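The values are calculated or read from the model by the stated rules, or taken from the named source; none is laboratory data. What you see is a predicted model; the values in this text were computed from it and never measured. Please note: Cβ atoms are built from the backbone with ideal geometry, for glycine as well, and neighbour counts cover all protein chains shown. We work out accessible area using only protein heavy atoms, side chains counted, and drop any ligands, DNA or RNA first. Shrake-Rupley method; radii C 1.70, N 1.55, O 1.52, S 1.80 Å.
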Amino acid sequence: MQSLQSPPLRVSPLGPLRKSSSNAYPHAGPRAPRRVAVPAVRSSAPAAVSAPRREKDPKKRVVVTGMGLVSVFGNDVDAYYEKLLAGESGIGPIDRFDASKFPTRFAGQIHGFSSQGYIDGKNDRRLDDCLRYCIVAAKKALEDADLGGDRRSKIEKERAGVLVGTGMGGLTVFSDGVQNLIEKGHRKITPFFIPYAITNMGSALIAIEIGFMGPNYSISTACATSNYCFYAAANHIRRGEADLMIAGGTEAAIIPIGLGGFVACRALSQRNDDPQTASRPWDRDRDGFVMGEGAGVLVMESLEHAMKRGAPIIAEYLGGAVNCDAYHMTDPRADGLGVSSCIERSLEDAGVSPEEVNYINAHATSTLAGDLAEINAIKKVFKNTSGIKINATKSMIGHCLGAAGGLEAIATVKAITTGWLHPSINQFNPEPSVDFDTVANKKQQHEVNVAISNSFGFGGHNSVVAFSAFKP
C-alpha cells in the first residue's frame, strides 16, 4: 500500500523534495496430487538460460512442508484454491456491523468461522479474531506437515520457532477497550486489552499452545508483513538457528474503525452496486482496493530436517528479499527503483536468473497508481515478458493487509503443485501498458518453473519471495 487518493501525506523534511502521485493506493480444473514434484518445464518460455548457483546444502535449503489458512473461502487449502480456480468472488456486503453510513459498504468478510477443535471455548470467546485466525491457520499447517498432536514429539522444540506477523494487530480488542474507557471508565477495560492488542501475541500464543521454544516474534510491515516473515524465518533456518519455522500473517480489520480509517484515506473502492466486480486489478475502471481478512501460514524447514523425519515436501522456498523505497509514507517511487531492486535481490538470493521466472503472483491491489507502478517495476527486471504469466489473488478475496502475502504464497505454491493458475477476475477494460498474460477471467494450465510473489506496504516496505517445485 503506498499512495492515497487524497492530498498526499508528507514526511518532513524529505517530503518537499519528492514528487507525489496524485491518486491511488497501490500497496494497499482438475486437482492434481499436492506433493508430486512437477518437472521444471516452462510453457511458452524463452530458450533455457544457465542459472546462478542455487543452494545445495540440505541444511540451508528451505522447503515448505505444510500450509494452513483461514479465508473468505473457508479453512481448507484445497477448497480455497478450487474456489480461486473457479474464479469465484468472495466479496459481498458487510453485515458484521451497520455499514450503511459508510461510503464503502462491502468487503471480503469471513462468515461462519469456527475454531472448534483448535481453540478451547473459553479462550475462543476472549480472543481477537486476528489471534483466532492465526492459531487455527498455524495448527492446520502443522497437521498438513504431519506434525499434528503427538507427532510433534519427534522434533526438537528448542529448534522450532514461530514468526507470524500482522499489520494492525488485535484491532477489535483495541477498539473495544478505547470505547469502554470513554464510555464507562478505566475499570471496564478488560485485562486482556494489552496482551490481545499487541502484534507479537499471535506468535506467542501459538508457541504456548504447541511448545515451540525457538525464535519467536512478529513483524509488522503493513501489507508486506507475511513475506517479511517468510524471508526472516527462512534465514533463521539457513543460519542454523532453527530446523523448522511456522511463518505467515494474519489480519482482522473489517470493523468500523478499520473500515473508517481506509475510507478516510480514500483508498477503497465504492462500487457498492456491484461488490463482486469491485476488485479489478489492471482494469482502467478500477477505483480502489477492497478490504479482506484471514490468515495464511506455511511450515518451513530445512531440507535435511524434513527428510530426516520423512516430512511431506510440497515445494521449495528458493529465496527472497526485503527493502524500502525510502521515499514517502504512502506514495510509490515514480522510478520504481525500490520494487525492481527488491525483485532483483530476491532472485539473487534464490540463485535464479530472470529468464527462469515464468509466473508472478502480483501484489495488484486494484488501485490507480499502484497496479501500474508494480507492472513498470517488473518490466525493468524481466526484459522479455512473453513467457511470464501474472495474476491477482486479490481480485477474488480482496486485500487482506498483513495476511495478504500468506494467502497469496499458498496460492502460488498451489499453482506450482497443480499446474493450474487461477484467473484474475473482473478484467473488463485492461490497461494497454499491462502487456502480460494476466490470466484474465479464466484459469490456465501452466507448468511453473520459478514463481515469485510480491507484497508491498505503507512506509515503502517491499518484499518478494520465490518458490519452485522441489527437486531432490
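Can you tell me how many residues in the stretch 276-285 are part of a loop (DSSP other than H, G, I, E, B) and open to solvent by 10 Å² or more (accessible area, probe 1.4 Å)?
So the count comes out to 3.
Could you give me the residue pairs with C-beta distances under 7 Å whose first residue belongs to the stretch 116-143 and is closer than 22 Å to Ile194 by Cβ, whose second residue is of a type in the set (Ser, Thr, Tyr) and part of a helix (DSSP H, G or I) wherever it lies, and which are 6+ apart or on separate chains?
Between residues of the stretch 116-143 that are closer than 22 Å to Ile194 by Cβ and residues that are of a type in the set (Ser, Thr, Tyr) and part of a helix (DSSP H, G or I), the close pairs are Leu127/Tyr196; Asp128/Thr172; Asp128/Tyr196; Asp129/Thr172; Leu131/Tyr196.
Under the condition of being over 16 Å from the mean Cα position of the chain (by Cα), outside any helix (DSSP H, G or I) and not aromatic (Phe, Trp, Tyr), which residue from the stretch 193-225 is surrounded by the fewest Cβ atoms within 10 Å (Cβ to Cβ)?
Gly211
Here are some residues: Ala160, Ala99. Which one is of a type in the set (Gly, Ala, Ser) and under 20 Å from Gly258 (Cα atoms)?
Numbers: Ala160 fails: under 20 Å from Gly258 (Cα atoms).
None of the other options fit; the residue is Ala99.
What number of residues within the stretch 131-146 are within 10 Å of Val299 (Cα to Cα), aliphatic (A, V, I, L, M) and either within 17 Å of the chain's Cα centre (by Cα) or in a helix (DSSP H, G or I) (or both)?
Going through the stretch 131-146 one residue at a time, the tally reaches 3.
Please go through (1) assigned to a loop (DSSP other than H, G, I, E, B); (2) farther than 20 Å from Ser226 by Cβ; (3) at pLDDT 95 or above for Ser366 and return the number of the only condition it doesn't satisfy.
(2)
Would you check which residues across the stretch 286-318 are touching a Pro at 6+ places or on another chain (Cβ under 8 Å), open to solvent by 10 Å² or more (accessible area, probe 1.4 Å) and not aliphatic (A, V, I, L, M) and list them?
Glu304, the sole residue that qualifies.
Report every pair of residues separated by at least 6 positions or lying on different chains whose Cβ atoms are under 8 Å apart, first residue within the stretch 241-257 and at negative phi and in a loop (DSSP other than H, G, I, E, B), second among the hydrophobic types (A, V, I, L, M, F, W, C) and open to solvent by 10 Å² or more (accessible area, probe 1.4 Å).
Asp243/Ile155; Ala252/Leu171; Ala253/Met168; Ala253/Leu171; Ile254/Ile94; Ile255/Phe97; Ile255/Leu171
Could you list, in sequence order, all residues of the stretch 135-170 that are at pLDDT below 95 and of a type in the set (A, V, I, L, M)?
If the condition is that a residue be at pLDDT below 95 and of a type in the set (A, V, I, L, M), then Ile155 is the only one that fits.
Only one of (1) open to solvent by 10 Å² or more (accessible area, probe 1.4 Å); (2) touching a strand residue (DSSP E or B) at 6+ places or on another chain (Cβ under 8 Å) is not met by Ser386, so which one is it?
Only one criterion is unmet by Ser386, namely (2).
Tally time: how many residues in the stretch 319-339 are out of contact with any Gly (no Cβ under 9 Å at 6 or more places or on another chain), more than 30 Å from Val62 (Cβ to Cβ) and not acidic (Asp, Glu)?
Matching residues across the stretch 319-339 total 1.
I'm told Ala233 meets every condition in (1) in contact with a Leu (Cβ under 8 Å, 6 or more places away or on another chain); (2) open to solvent by 20 Å² or more (accessible area, probe 1.4 Å); (3) farther than 18 Å from Leu401 by Cβ; (4) among the small types (Gly, Ala, Ser) except one. Can you identify the failing condition by its number?
(2)
Specify which of the listed residues (Ala321, Ala326, Ala373) is of a type outside the set (Val, Ile, Thr) and either within 19 Å of Cys229 (Cα to Cα) or open to solvent by less than 10 Å² (accessible area, probe 1.4 Å) (or both).
Ala321
Can you tell which of Leu421, Leu401 is at positive phi and of a type in the set (A, V, I, L, M, F, W, C)?
None of the others qualify; the one that does is Leu401.
Could you count how many residues in the stretch 329-352 are touching a helix residue (DSSP H, G or I) at 6+ places or on another chain (Cβ under 7 Å), over 17 Å from Ala222 (Cα atoms) and outside any helix (DSSP H, G or I)?
Result for the stretch 329-352: 1.
Matching residues to (1) of a type outside the set (Val, Ile, Thr); (2) open to solvent by less than 10 Å² (accessible area, probe 1.4 Å):
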position	(1), (2)
Leu421	yes, yes
Lys443	yes, no
Ile452	no, yes
His461	yes, no
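Evaluate the stretch 159-171: report whether one residue or more is touching a helix residue (DSSP H, G or I) at 6+ places or on another chain (Cβ under 7 Å), closer than 25 Å to Met396 by Cβ, in a loop (DSSP other than H, G, I, E, B) and of a type outside the set (Ser, Thr, Tyr).
yes
When you go through Ala145, Ala137, Ala141, Ala79 one by one, which is the residue that is hydrophobic (A, V, I, L, M, F, W, C), in contact with a Pro (Cβ under 8 Å, 6 or more places away or on another chain) and either closer than 26 Å to Pro312 by Cβ or open to solvent by 10 Å² or more (accessible area, probe 1.4 Å) (or both)? Lay out the reasoning, then the answer.
Working: Ala137 fails: in contact with a Pro (Cβ under 8 Å, 6 or more places away or on another chain); Ala141 fails: in contact with a Pro (Cβ under 8 Å, 6 or more places away or on another chain); Ala79 fails: in contact with a Pro (Cβ under 8 Å, 6 or more places away or on another chain).
Only one candidate passes the filter, namely Ala145.
Go through (1) open to solvent by less than 10 Å² (accessible area, probe 1.4 Å); (2) within 21 Å of Ile314 (Cβ to Cβ); (3) out of contact with any Leu (no Cβ under 6 Å at 6 or more places or on another chain) for Asp128 and report which single condition fails.
In the conditions (1) open to solvent by less than 10 Å² (accessible area, probe 1.4 Å); (2) within 21 Å of Ile314 (Cβ to Cβ); (3) out of contact with any Leu (no Cβ under 6 Å at 6 or more places or on another chain), Asp128 misses (2) alone.
Going residue by residue through the stretch 116-125, is there one that turns out to be closer than 26 Å to Phe458 by Cα, open to solvent by less than 80 Å² (accessible area, probe 1.4 Å) and either part of a strand (DSSP E or B) or among the aromatic types (Phe, Trp, Tyr) (or both)? Steps first, answer last, please.
Step one: filter the stretch 116-125 for residues closer than 26 Å to Phe458 by Cα, giving none.
No, the stretch 116-125 contains no residue that is closer than 26 Å to Phe458 by Cα, open to solvent by less than 80 Å² (accessible area, probe 1.4 Å) and either part of a strand (DSSP E or B) or among the aromatic types (Phe, Trp, Tyr) (or both).
Could you grab the pairs with beta carbons closer than 8 Å, sequence gap of 6+ or different chains, first residue in the stretch 77-103 and closer than 21 Å to Phe113 by Cβ, second one modelled with pLDDT under 95?
Asp78/Arg31; Asp78/Arg34; Glu82/Arg31
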